[in-house]
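Heads up: the structure comes next, in structure tokens.
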Amino acid sequence: MKVTLSVIKADIGSIGGHIRPSAKLLETVRSKVAELGKGLLIDTYVGFTGDDVAILMSHIGGTGNAKVHKLAWDVFIAGTAVAKAQGLYGAGQDLLKDSFSGNGRGMGPAVAEMEIEERPNEPFVLFAADKTDPGVYNLPSYLGFADPMFSSGLILSPKVGKGFTFRIMDVAYTEGDKVIDLSAPEDLYDIAALLRDQERFVVESIRSRETGEIAAVVSTTRLHNIAGKYTGKDDPVMLVRTQGNFPATGEILAPYTIGHLVAGFMRGSHHGALMPVPRNTGISFFDGPPIVSALAFSVKEGRFTEPADAFDHPYWEYVRGRVSAKSEDLRRQGFFGPAMLPYSELEYGGIVERMKAMESKFRVLGGMEPVEA
Ligand code: F6R
Ligand code: MG
Ligand code: MG
């Protein structure tokens with residue numbers, strides 16, 4: 001059976017700053033999805049990661065389906081009304097357009113979708129990250145799908161060992177979707193050369209070379225590019241199919257032990273170590289840290305099991321301690337050097353104005369200019 005998995009995620013308002021959505025907001029989103037999804041969706045799951053609400057949906061409408069995207073938009077509008085009524089912070093902040101225009105992509109919410117020919121048993125993982133941006137998945141995808149140091153299936157399983165094709169998007173290009181397809185292992189160094197720059201080049205999708213099947217999809221929205229100014233971080237979602245011809249769930253999870261440094265954190269303007277967290281975890285220290293949740297599902301004829309919360313395990317408690325220490329080390333140097341993003345990536349206009357105001361006060365000292373008393 002052909003099934004489409006769609007996850008659409010947005011920040012539509014939080015309690016006490018950018019901490020987490022309210023129970024009432026979540027309740028509204030859940031009931032609205034159930035109401036509007038009748039006859040359109042096979043199954044749904046609603047959860048939150050930090051200040052973002054994710055709606056996972058299964059249906060047979062294909063990717064980019066206008067009805068499904070409109071449903072998510074209408075649900076977020078209804079959630080925003082509750083957020084406004086409760087005085088939540090940043091109510092409707094990710095809904096950048098005034099009205100729905102046919103496709104949710106480019107309107108603010110993060111969208112990741114795949115149409116699959118369902119296998120007899122179909123495991124997949126929904127990743128949702130907050131206080132960071134789409135390039136956050138570059139390193140874990142590279143390690144999980146192309147590096148046998150993390151993904152032993154690449155040498156142990158003949159099917160997995162055929163390798164994977166990465167579709168990588170240049171997110172700085174705003175006229176359309178500019179992508180390149182590169183295959184591991186032979187294009188490995190080209191893939192690495194692009195993915196190292198996680199602000200500019202982002203994994204958009206990954207396919208199996210054994211079967212051509214879709215393995216992973218990532219939301220690639222950059223709110224900054226849509227709105228032209230700071231409107232919050234892009235907080236991406238990713239869907240990954242696992243097992244069989246794909247890496248095992250554990251191989252896909254393994255790279256998150258690194259707690260790699262990513263852009264985001266306070267005011268979307270710093271670097272911090274990515275912390276793997278249980279589902280429905282809020283935001284705290286320094287409007288962060290950057291977090292990622294991983295919910296593993298099985299799906300049968302479009303019906304989901306309950307999620308298995310992959311980062312809610314004693315192993316990851318140890319990792320979270322280490323990751324906190326890593327962020328803490330960087331935080332100690334405040335805004336200096338790599339603790340804060342480079343000027344070109346700073347999300348807040350304030351620093352641009354500050355630099356402009358100083359420009360006219362700079363002067364070039366002539367060789368003979370006397371030193372002021
Ligand atoms: C980051 C984020 C927050 C805000 C910060 C200031 O994604 O959403 O760190 O940037 O709390 O928010 P304002 O300027 O709205 O007070
Ligand atoms: Mg927010
Ligand atoms: Mg967010």
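The values are calculated or read from the model by the stated rules, or taken from the named source; none is laboratory data. Keep in mind the model is a prediction, meaning the values are calculated, not measured. Methodologically, a virtual Cβ is constructed for each residue, glycine included, from the backbone with ideal geometry; neighbour enumeration extends over all protein chains shown. We work out accessible area using only protein heavy atoms, side chains counted, and drop any ligands, DNA or RNA first. Shrake-Rupley method; radii C 1.70, N 1.55, O 1.52, S 1.80 Å.
Go through the range 132-156 and count every residue that is part of a helix (DSSP H, G or I) and either away from ligand 3 (no atom under 16 Å from the Cβ) or surrounded by fewer than 24 Cβ atoms within 10 Å (Cβ to Cβ) (or both).
13
Any idea how many residues of the range 105-122 are touching a helix residue (DSSP H, G or I) at 6+ places or on another chain (Cβ under 9 Å), open to solvent by 10 Å² or more (accessible area, probe 1.4 Å) and not aliphatic (A, V, I, L, M)?
3
Among the residues of the range 172-191, what is the count of those that are under 24 Å from ARG105 (Cβ atoms), out of contact with any helix residue (DSSP H, G or I) (no Cβ under 7 Å at 6 or more places or on another chain) and assigned to a loop (DSSP other than H, G, I, E, B)?
Qualifying residue count, the range 172-191: 6.
Of the residues PRO120, PRO109, which single one is within 14 Å of the chain's Cα centre (by Cα) and either within 16 Å of ligand 2 (Cβ to nearest atom) or over 21 Å from GLY268 (Cβ atoms) (or both)?
PRO109
Select from the range 79-94 the residues that are under 23 Å from GLU35 (Cα atoms) and within 15 Å of ligand 1 (Cβ to nearest atom) and write down the one among them that is most open to solvent (accessible area, probe 1.4 Å).
ALA91
Could you count how many residues in the range 83-98 are more than 16 Å from ligand 2 (Cβ to nearest atom) and touching a helix residue (DSSP H, G or I) at 6+ places or on another chain (Cβ under 9 Å)?
2
Condition test on PRO134, is it within 16 Å of ligand 2 (Cβ to nearest atom) and either modelled with pLDDT under 95 or not polar (S, T, N, Q) (or both)?
Considered against the rule, which asks whether it is within 16 Å of ligand 2 (Cβ to nearest atom) and either modelled with pLDDT under 95 or not polar (S, T, N, Q) (or both), PRO134 comes out as yes.
I need the full set of residues from the range 87-131 which are outside any loop (DSSP other than H, G, I, E, B) and either in contact with a His (Cβ under 7 Å, 6 or more places away or on another chain) or among the charged types (D, E, K, R) (or both), in order please.
TYR89, GLU113, GLU115, GLU117, GLU122, ASP130
Among the residues that make up the range 32-44, is at least one of them small (Gly, Ala, Ser), within 16 Å of ligand 1 (Cβ to nearest atom) and at pLDDT 95 or above?
no
Identify the residue in the range 1-15 that is more than 12 Å from ligand 2 (Cβ to nearest atom) and open to solvent by 70 Å² or more (accessible area, probe 1.4 Å) and, among all such residues, is modelled with the lowest pLDDT.
Among those that are more than 12 Å from ligand 2 (Cβ to nearest atom) and open to solvent by 70 Å² or more (accessible area, probe 1.4 Å), it is MET1.
Considering only residues of the range 157-199 that are more than 19 Å from the chain's Cα centre (by Cα), of a type in the set (A, V, I, L, M) and under 22 Å from GLY212 (Cβ atoms), which is most open to solvent (accessible area, probe 1.4 Å)?
Top of the filtered list is ILE180.
For residues that are touching a Phe, Trp or Tyr at 6+ places or on another chain (Cβ under 7 Å) and either more than 16 Å from ligand 1 (Cβ to nearest atom) or open to solvent by 10 Å² or more (accessible area, probe 1.4 Å) (or both), tally how many sit in the range 278-288.
Total meeting the criteria: 4.
Spot the failing condition for HIS224; the list is (1) at pLDDT 95 or above; (2) within 16 Å of ligand 2 (Cβ to nearest atom); (3) surrounded by fewer than 20 Cβ atoms within 10 Å (Cβ to Cβ); (4) not charged (D, E, K, R), and only one is missed.
(1)
Residue-wise test of (1) over 16 Å from the mean Cα position of the chain (by Cα); (2) surrounded by 22 or more Cβ atoms within 10 Å (Cβ to Cβ); (3) modelled with pLDDT under 95; (4) not in a helix (DSSP H, G or I).
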site: PHE246; (1), (2), (3), (4): yes, yes, no, yes
site: GLY250; (1), (2), (3), (4): yes, no, no, no
site: TYR318; (1), (2), (3), (4): yes, no, no, no
site: GLY334; (1), (2), (3), (4): yes, no, no, yes
site: GLY350; (1), (2), (3), (4): yes, no, yes, no
site: GLU353; (1), (2), (3), (4): yes, no, yes, no
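Given the structure, is ALA34 within 19 Å of VAL299 (Cβ to Cβ) and either free of Cβ contacts under 8 Å to residues at least 24 places away in the same chain or not charged (D, E, K, R) (or both)?
The answer is yes for ALA34.
Are there any pairs, at least 6 apart or on different chains, whose C-beta atoms fall under 7 Å, with the first in the range 1-26 and within 11 Å of ligand 3 (Cβ to nearest atom) and the second in a loop (DSSP other than H, G, I, E, B) and open to solvent by 60 Å² or more (accessible area, probe 1.4 Å), and if so, which?
none
State which residue is nearest to ALA81 (Cα to Cα) when the search covers only the range 17-63 and only residues that are open to solvent by 50 Å² or more (accessible area, probe 1.4 Å) and within 16 Å of ligand 2 (Cβ to nearest atom).
In this case the residue turns out to be ARG20.
Return yes when GLY259 is open to solvent by less than 30 Å² (accessible area, probe 1.4 Å), over 24 Å from ASP51 (Cβ atoms), of a type outside the set (D, E, K, R) and more than 16 Å from ligand 3 (Cβ to nearest atom) and no when it is not.
Considered against the rule, which asks whether it is open to solvent by less than 30 Å² (accessible area, probe 1.4 Å), over 24 Å from ASP51 (Cβ atoms), of a type outside the set (D, E, K, R) and more than 16 Å from ligand 3 (Cβ to nearest atom), GLY259 comes out as no.
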